[in-house]
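To start, the structure itself, in C-alpha cells.
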Amino acid sequence: MVSEPVPAPAGDRHDIDTRADVERLVRAFYGRALADVQIGFLFTDVAKLDLEAHVPEITSFWETILLGAQSYRGGAFRPHAALNTQVRLRAGHFERWLTLWRASVDELFVGPRADLAKAHALRVARAFHGRLETLPSDSDPPGTGPGADTAPTPGGPVVSHHGSTVSSAADEPPAGGLPLTQHRPAR
C-alpha cells in the first residue's frame, strides 16, 4: 500500500499555475493510484493503462478545468463506461480515487486552483458514478445489475426503476462522499 505523505508547509507549495504543474499533479496521482491495493488493478490489469500515452491527455483535461486552456477535446466519460463493462465501478472505487487525488493535490499545491482541483474531482466522481450506476456491466451476476427486480435491503441501497421523479436537493452524501441516487422503489 502506498503511504499517504504529509503535505509540505504551505510556504513550500504554490497554486497550480502552469501545464507543467498540472502534469506534475497528474503524475503524482498516478504514482499513487497504480500502486494502490484498492484501485491499482483497474488501471494496470483491467484498463491496461499506457501511462505515457495517457498523461498528456489527462493533463489536458485538468489543464482545461483548472487553467481554462481548452486543450482537452475528448470525452472523459466514455472510457469509464467501457471499463465499467469489464469491472463494475463501485462507490468505493471512486472514494479511493478521490482520496488519492486529494492527497496528491494537498502534497504539492495550495491555493484557489488546488481547491478547484479537489472540488471538481468530487463533481466528476459523483457524476460518473451516478451515470455508471444506470449502465449494465458484464461483471454483474444475472439479476443484479441496474433495474433488477429485487427487494431493498434494509438500510442498504434501493434498487429502483428510473422514471419521472423529483430528487431532493437536500440529499447530501455523508462527509463529502458519493450520494446514493434513490428513485421510486422497484415494484
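The values are calculated or read from the model by the stated rules, or taken from the named source; none is laboratory data. Keep in mind that this is a model prediction, so the values were computed, not measured. Here the Cβ positions follow ideal geometry from the backbone for every residue, glycine too, while neighbour counts run over all protein chains shown.
Residues in region 38-85 that are of a type in the set (F, W, Y) and more than 22 Å from R126 (Cβ to Cβ): 1 in all. The residue of region 33-84 that is modelled with the lowest pLDDT, among those that are on the phi < 0 side of the Ramachandran plot and charged (D, E, K, R), is R73.
Tally the residues that are closer than 18 Å to G40 by Cα, among the aliphatic types (A, V, I, L, M) and assigned to a loop (DSSP other than H, G, I, E, B), restricting the search to region 50-107.
Going residue by residue through region 50-107, those that are closer than 18 Å to G40 by Cα are 50-55, 58, 79-104.
Applying the additional criterion that residues be among the aliphatic types (A, V, I, L, M) yields 51, 53, 55, 58, 81-83, 87, 89, 91, 98, 100, 103.
Add one more test, that the residue is assigned to a loop (DSSP other than H, G, I, E, B), and what stays is 87, 89.
So the count comes out to 2.
Mind listing just one residue for me: the one in region 44-66 that is in contact (Cβ under 8 Å) with a residue 12 or more places away in the chain and hydroxyl-bearing (S, T, Y) and, of those, surrounded by the most Cβ atoms within 10 Å (Cβ to Cβ)? Applying the filter and picking the extreme gives T59.
Among the residues of region 77-96, what is the count of those that are crowded, with 16+ Cβ neighbours inside 10 Å and over 15 Å from D36 (Cβ atoms)? Total meeting the criteria: 5. Taking region 99-123 as the range and being of a type in the set (A, V, I, L, M) and free of Cβ contacts under 8 Å to residues at least 40 places away in the same chain as the test, the residues that pass are A119, A121. Under the condition of being at pLDDT 95 or above, assigned to a helix (DSSP H, G or I), of a type outside the set (D, E, K, R) and surrounded by fewer than 19 Cβ atoms within 10 Å (Cβ to Cβ), the residues counted in region 5-29 number 1.
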